[in-house]
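The values are calculated or read from the model by the stated rules, or taken from the named source; none is laboratory data. All figures in this text were calculated on a predicted structure; none of them were measured in a lab. With ideal geometry, Cβ positions are generated from the backbone for all residues, glycine too; neighbour counts draw on all protein chains shown.
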Amino acid sequence: MMIAQTKAFLPWRCALAGLVVLAGCALQPEFQLAAVESRIVTVNQWGGTPADESRMRKHAVTRITLQHQGAVFTRDNDPVQYLRNLQTWSREARKWPDIPYHYIINLVGNIYAGRDIRFAGDTNTEYDPAGHALIEVVVSREIAWSIAVPAGPGLVGKKKGTMWCPC
């Protein structure tokens, strides 16, 4: 999988290209947001429980961050059980109010809802996730590092396992 580089690379193309490639979608002449939204598995559908919104920070999204989950994940792993485990770990071990990510995309292109997009996520890294729409890409480490990250004015930052673009 490779994202093409262009001189006129715009920030929204970065986010859209990342989601399209990582979710296994094919670009069509007319992109239909409703078609993507209808495929998102809700927190309730994967068996998650509501977050305590009183412990969360509201934010306005200004960029999109794609992040690898940092663990081995194969086609045999159950994504629903992974999400339930992630929610439990996030709340119990990290004391976060919910899963740190807003959306999670797995190996076969399924998109799962995580934390409500109205609230800033959390991270084990050094940046402040306020303003970031956090998208976790659940893939094997080998696939995560083989995806080419486009260069250009839209790419604000990149570090091992994470890239972010302004919206």
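Can you confirm whether A144 is of a type outside the set (V, I, T), touching a strand residue (DSSP E or B) at 6+ places or on another chain (Cβ under 9 Å), at pLDDT 90 or above and under 27 Å from T74 (Cβ atoms)?
Answer is no for this residue.
So, in the range 45-60, how many residues would count as being surrounded by 16 or more Cβ atoms within 10 Å (Cβ to Cβ) and within 14 Å of G121 (Cβ to Cβ)?
Result for the range 45-60: 3.
What pairs come up if the first residue lies in the range 70-98 and is touching a residue at least 24 places away in the same chain (Cβ under 8 Å) and farther than 10 Å from V138 by Cβ, the second is in a helix (DSSP H, G or I) and of a type outside the set (K, R), and their beta carbons are under 8 Å apart, counting only those six or more places apart or on different chains?
Close Cβ pairs (under 8 Å, with a partner that is in a helix (DSSP H, G or I) and of a type outside the set (K, R)) amount to W96/S90; P97/E53; D98/Q87; D98/S90.
Among the residues that make up the range 77-84, is at least one of them surrounded by fewer than 20 Cβ atoms within 10 Å (Cβ to Cβ) and modelled with pLDDT of 95 or more?
yes
Filter the range 99-112 for residues that are touching a strand residue (DSSP E or B) at 6+ places or on another chain (Cβ under 8 Å) and in a loop (DSSP other than H, G, I, E, B); which is surrounded by the most Cβ atoms within 10 Å (Cβ to Cβ)?
So, considering only residues that are touching a strand residue (DSSP E or B) at 6+ places or on another chain (Cβ under 8 Å) and in a loop (DSSP other than H, G, I, E, B), the one surrounded by the most Cβ atoms within 10 Å (Cβ to Cβ) is Y101.
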